[in-house]
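Computed from the coordinates by the stated procedures, all read-outs in this text should not be read as laboratory data. The structure presented is a predicted model; accordingly, all values stated were derived computationally and were not measured. Every residue, glycine as well, gets a Cβ built from its backbone with ideal geometry; the counts of neighbours run over all protein chains shown.
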Amino acid sequence: MPETASRSSSTDNANVCSQSSFAWGHRPKAAVTSPLPHRFHSRIGVGLAGGFYPAPHRYELFLSASCPHSLRISITLGLLGPTDSVATTLLAHPAETPDAFASLCRAYEATVHHYDGPLTAPALCDRWSGRIVSNHAPDILRDLAGLLSGHDGACPSVLRPPALTADIDALRDLLDRDVTPDADPSRRSAALDLLDRRLAGQPCAVGEELTAADVDLWVTLVHLGPAGTLSSHRRLRDYVHRLGDHPAFRGRTDAVLDAA
């Protein structure tokens, strides 16, 4: 479920979320009869008639603290680099980061006239037009990989090598279905057993090198909490420790290790 915060809400409501949305102020209701869109799915370099083509320093990311999707994007940026190609703004509680929320609010209102929906993060914003490109995390991750590798088919992203794309997507499906705090305990345990055995023959999620699958797996494990204790999955626990020493992942292991 999404996380919602308002100017008067307590930070106790800032729980782990799959995608964060925030109620911000009291914007006037739009004079429309149909619901306003809350999801934006434009792409960088896809359907260039929309105007969102690759350019240095053109885009800005709004990321939410404690949100798994935002963490995946942050780690991906750290692995791909250089991070100065895309500006990053972190959203904490609205009272703590009012300027960041005001900027995000302006971006949504520039995208849809009289926008009165939630301010959802992560969100990728076009700084040239001030509009939201996308608030769909999977598309943002794929577009960032292309943006930072030049959108050159001859130079695919190192995090999504063509030969491993099917394996990366299959692992993502498994994690979304069976490795969540709300998943059926028996299915979650079976999936963790499978992943633990897989790491017996390889150092990374789908082979010998870090890929997008490792970002997905590591963030999922970190956000399992007590429901996903790794006490009986030594290889997964060691994997979380090992990747936690990498600069792009560092400082994020407490949630899973405290539960182990």
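Taking the average, over residues, of other Cβ atoms within 10 Å as the packing measure, peptides 198-207, 181-190, 235-244, 120-129 rank 120-129, 235-244, 198-207, 181-190 from highest down. Rounded to whole numbers, the Karplus 3J(HN,Hα) couplings from phi for the range 229-240 are 3, 9, 4, 9, 10, 4, 5, 5, 5, 5, 4, 4 Hz, using 6.51 cos²θ - 1.76 cosθ + 1.60 with θ = phi - 60°, and x at Gly and Pro.
Between THR88 and LEU61, the built amide H atoms are under 5 Å apart, and every one of these is 5 or more places off in sequence or on another chain. The H on the amide N of PHE40, modeled in the peptide plane, is under 5 Å from the matching H of ASN135, HIS136, each at least 5 residues off or on a different chain. Amide H contacts of THR97 (H built 1.01 Å from N, in plane; Pro and chain starts excluded): ALA92 sit under 5 Å, all sequence-distant by 5 or more or on other chains. Coupling constants for the range 216-221 follow from the phi torsions by the Karplus curve (6.51 cos²θ - 1.76 cosθ + 1.60, θ = phi - 60°), and in residue order they are 4, 5, 5, 5, 4, 5 Hz; glycine and proline get x.
Subtracting the Cα-Cα distance of ASP184 and ASP116 from their residue separation scaled by 0.36 nm leaves 20.9 nm.
For ALA92 and THR165 in the same chain, what is the full-extension length gain: residue separation times 0.36 nm, less their Cα-Cα distance, in nm? Numbers along the way, then the final one.
Values: separation 73, 0.36 × 73 = 26.28 nm, distance 3.32 nm.
Gain on stretching ALA92 to THR165: 23.0 nm.
Compared with the rule-of-thumb size 2.2 N^0.38 Å for a compact globular protein, the range 162-219 has a Cα radius of gyration ratio of 1.09.
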